[in-house]
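Worksheet: the structure to be examined is printed underneath.
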Amino acid sequence: MGLWEIKGESSQAINDYHDGAVLAVEDINAAGGIMGRKVVLDRVAIDPLNPQKATSQFLEAVDKDPDMLIGFPSATALISAKGQIDRSGIPLIATASASTALRFGSAGASEWAWYVQPYDEFKNQAAVRYVLEDLKATKVGLMGTNEAYGTTNIKSQTALLQAKGLTPFASRTYDATATDLTQHVLAMKGADAVISFTFPNPLAIEMKQFLQNGIDVPVFSSSSATLAVNNKLLTGEPLKNLHAVVPCDPASSTDAKVKAFGEKYKTKFNEVATSLAAGSYDAVWIAKAAIEKAGGTDPAAIKKAMSEINVTGNVICSGSYKADAAHMMNRDMAIVQYAADGSSKEIKRYTFEELPAATS
């Protein structure tokens, strides 16, 4: 069961999660399915910005009695449904990068959720390390949305800077639906670099307004950068300072398997594959491995299997998916740099250690 929107269902909706999963299901069924049975992909739209609605939508998915759940498009939606995830007793492979707040934060750990996107802190560490160590920046501005995704990451980035004896040059949050960020952008004037983990639409506004206001500094975002580029929200000169901090980038990878996935995805959907599409693709293969390890679809057996499997071979965004004690399955992060023509290149890669179990 996929838990995500597709284009047209909201202003934030994208096809990446669904298309990645569709491609995985087709590949698995072409190879004989799971334990000799064809895989059927159903889907329920989950609103990324409306917590109450997202929770009711999750319950709609549970009512369909799926064997496994894959998805959630945002930290806000995932955190809001945490209690229902626990009560459902259905294994969930989360595609949202909400692991900091859900696994280690006030929301508490869920023993029924695993994370195919790397731990939020890995993304923050990669961004801060690159800005400080490679760019030698000392004045780092922080921007983000004023909901869980933005505020949690800014809090983490602030702590990482403070650990190095620095404070943020400026820190600004805004509503995810904001259409004018002039004052927020102007607050970054004088910074050496800006880290902005936000959504694609406001990121596009930021980058354009940086250029309009003569602020010429590197800007680091997450997968929103790839989405903004691929969906033509950003083109030309505003791209010259843009960077993405992502687990993989099929568009610029030199790995033969990742490149082949990107080409196959482009042929089928006429779109550039992102790390979100690759992560969703991989999540379906992880679900297959867990069901086969469990010997069937009993939820408790799948839950046990999720902590035992090590998935390699067919997956794209990481060479291996193996849950650590904190249920994180991917520990790779890459820094990707964009050019004004929309091309990208991977300029740095980090691999992080396994995490311990969450404590109450």
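Quick one: net charge of residue 54's neighbours, Cβ under 14 Å, K/R +1, D/E -1?
Values: positive: 53, 82; negative: 5, 9, 47, 60, 147.
Residues near residue 54 contribute -3 overall.
Nearest 10 degrees is fine. How inclined is helix 51-63 to the longest principal axis of the chain, computing both from alpha carbons?
20 degrees
Have a look at the DSSP beta bridges in the chain and tell me what percent are antiparallel, nearest 5. Provide the component values of the computation, followed by the final result.
Values: 14 of 40 bridges.
Of all bridge pairs located within the chain, approximately 35 percent are antiparallel.
Of the listed values (1) 121; (2) 167; (3) 144, grab the one calculated as volume of the Cα convex hull per residue in Å³ from the structure here.
Calculated volume of the Cα convex hull per residue in Å³: the matching label is (1).
Report, in degrees rounded to the nearest 10, the 0 to 90 angle that the Cα long axis of helix 256-269 makes with the longest principal axis of the chain.
The helix 256-269 is inclined about 90 degrees to the chain.
Please report the accessible area of residue 271 (heavy atoms, 1.4 Å probe, ligands and nucleic acids excluded) in Å², nearest 10.
50 Å²
Between the alpha-carbon centers of the stretch 237-294 and the stretch 19-34, tell me the distance in whole angstrom.
If we compute the Cα centre of each part, the gap is 15 Å.
Roughly how many percent of the accessible protein surface of the stretch 236-289 is carbon and sulfur, given a 1.4 Å probe and a whole-percent answer? Spell out each step's value before the answer.
Values: 960 of 1890 Å².
Carbon and sulfur: 51 percent of the exposed surface of the stretch 236-289.
222 nm [θ] for the chain, helices only, -39500 (n - 2.57) per DSSP H run of 4+, per residue, to 500? Could the numbers behind the result be given before it?
Numbers: 12 runs with 135 residues, N = 360.
Dividing the helical sum by the residues of the chain leaves -11500 deg cm²/dmol.
Take peptides 250-257, 78-85 and line them up by average Cβ neighbours within 10 Å, highest first, as a rough protection proxy.
Top to bottom by mean Cβ count within 10 Å: 78-85, 250-257.
To the nearest 10 degrees, how steeply does helix 120-129 sit against the main Cα axis of the chain, on a 0 to 90 scale?
Taking Cα atoms only, the helix is inclined about 30 degrees.
Write down the accessible area per residue of the chain in Å², having rolled a 1.4 Å probe over the full set of protein chains. Walk me through the numbers before you get to the answer.
Working: 14000 Å² over 360 residues.
Computed with neighbouring chains in place, this is 39 Å² per residue.
With both partners inside the stretch 1-95, how many of the DSSP beta bridges are antiparallel, as a percent to the nearest 5?
10 percent
The values are calculated or read from the model by the stated rules, or taken from the named source; none is laboratory data. In this text the structure is predicted, and so the values were computed from the model without any measurement. Cβ coordinates were reconstructed from backbone atoms using ideal geometry, including for glycine residues, and neighbour counts include every protein chain displayed. Heads up: the accessible areas ignore ligands, DNA and RNA and are worked out on the full protein's heavy atoms, side chains in. Shrake-Rupley method; radii C 1.70, N 1.55, O 1.52, S 1.80 Å.
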